[in-house]
Amino acid sequence: MSKTRPTTQTTRRRMLAGAGALLSGAGLPIALVRPATAQVQANPAMLALAIRKVTGGAKVTPGKVKLEIPPLSENGNAVPLTVTVDAPMTKERYVKAIHVLSEKNPQPNVISAQLGPRAGKATVQTRFRLADSQTITAIAELSDGTFWSDTADVIITLGACLEDTP
Amino acid sequence: MARALINVPAKAKRGEVIAIKALVSHVMESGFRHTNLGVVIPRDIIDTFVCSYNGEEIFRASFAPAIAANPFIAFHTVATESGKIEFKWTGDNGFAATETATITVE
């Protein structure tokens, strides 16, 4: 297993560094030798701020949008995602934008897509990363200025974004 | 030059809604990862994707670091006329890639 060796190396290095710090009298906690990466995480307040940025403070109504993500993923490095908006795509009425936001990734934004009446069908599909099990939100902006949303719960066994290089 | 894969039907009927898929090879380094020594690996992502149909922009997406490596995107458009569909990706460190597909509309 290629994964086990670097971990042992890191531990030894970390221990040595920690021991060095203790010996030199600095008394640095071992956690400081290697920054705790898990602390970088968006929180519900950041998500709310990101939603406000997207909508400009307008009301978001649940409905019309369908967000499809597999409910359980073993690996958070590439999770497929499909957003479909149930709305006509005509010159007068169409879906202007589709945004996907996360709750527990380091940053709340995932993707923002700008569509127009020429899209024919308001669907966007991509693959994204998930740092943790969480609720994902999709928001659609219609040409009449209304915002619609849908959420999906995802369970991740192994998170992405924050893991260190081997 | 980054390798890009695109999927556009070669032929379509006028007014038909066609599916477009595009994938480009890129690490999409999030900027949140560290090396073994605790040094942050700088962010290196593709942040913008633009698709134009005969010069007119039909789809645009902004990617966050949360988009998986080798960003894949699929969307739809109405086949209006024969011509070229151009794909353009731009990102950090001056990354730029373009790809073109030809479509015949009957």
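The values are calculated or read from the model by the stated rules, or taken from the named source; none is laboratory data. From a predicted model like this one, the values you see are computed outputs, not experimental measurements. Positions of Cβ are backbone-derived with ideal geometry, glycine not excepted, and every protein chain shown enters the neighbour counts.
Observations on the structure shown:
- Which numbered condition residue A:74 misses (of (1) crowded, with 20+ Cβ neighbours inside 10 Å; (2) under 30 Å from residue B:29 (Cα atoms); (3) more than 15 Å from the chain's Cα centre (by Cα)): (1)
- All conditions but one from (1) modelled with pLDDT of 95 or more; (2) facing another protein chain (nearest Cβ under 7 Å) apply to residue B:50; the one that does not is (2).
- Within segment B:69-87, the set of residues being in contact (Cβ under 8 Å) with a residue 40 or more places away in the chain and outside any loop (DSSP other than H, G, I, E, B) comprises B:72, B:73, B:74, B:75, B:76, B:77, B:78, B:85, B:87.
- Filtered by the rule that a residue be surrounded by 18 or more Cβ atoms within 10 Å (Cβ to Cβ) and small (Gly, Ala, Ser), segment B:82-100 gives B:91, B:97.
- Some residue of segment A:70-90 being in contact with a helix residue (DSSP H, G or I) (Cβ under 7 Å, 6 or more places away or on another chain) and assigned by TED's automatic domain parsing to the domain that holds residue A:148: yes
- In segment B:34-47, of all residues being buried (at least 16 other Cβ atoms within 10 Å of the Cβ) and facing chain A (nearest Cβ under 10 Å), the one that is farthest from the chain's Cα centre (by Cα) corresponds to B:38.
- Residue in segment B:36-52 that is of a type in the set (Gly, Ala, Ser) and in contact with a strand residue (DSSP E or B) (Cβ under 9 Å, 6 or more places away or on another chain) present: yes
- Residues (outside any loop (DSSP other than H, G, I, E, B) and in contact with an Asp or Glu (Cβ under 7 Å, 6 or more places away or on another chain)) located in segment B:26-46: B:29, B:34, B:44
- Among all positions in segment B:10-17, there is no residue which is more than 10 Å from chain A (Cβ to nearest Cβ), closer than 22 Å to residue B:91 by Cβ and surrounded by fewer than 14 Cβ atoms within 10 Å (Cβ to Cβ).
- Considering the conditions (1) touching a residue at least 24 places away in the same chain (Cβ under 8 Å); (2) buried (at least 17 other Cβ atoms within 10 Å of the Cβ); (3) over 10 Å from the mean Cα position of the chain (by Cα), residue B:54 is excluded by exactly one of them, (2).
- Conditions (1) outside any loop (DSSP other than H, G, I, E, B); (2) out of contact with any Leu (no Cβ under 8 Å at 6 or more places or on another chain); (3) not polar (S, T, N, Q): number failed by residue B:23: (2)
- The residues in segment B:69-81 that are within 12 Å of the chain's Cα centre (by Cα), at the interface with chain A (Cβ under 7 Å from one of its Cβ atoms) and surrounded by fewer than 23 Cβ atoms within 10 Å (Cβ to Cβ) can be counted, and the count is 2.
- Residue in segment B:58-68 that is more than 8 Å from chain A (Cβ to nearest Cβ), assigned to a strand (DSSP E or B) and within 23 Å of residue A:107 (Cβ to Cβ) present: no
- For segment A:90-121, filtered to residues that are within 8 Å of another protein chain (Cβ to nearest Cβ) and over 13 Å from the mean Cα position of the chain (by Cα), the residue that is surrounded by the most Cβ atoms within 10 Å (Cβ to Cβ) is A:115.
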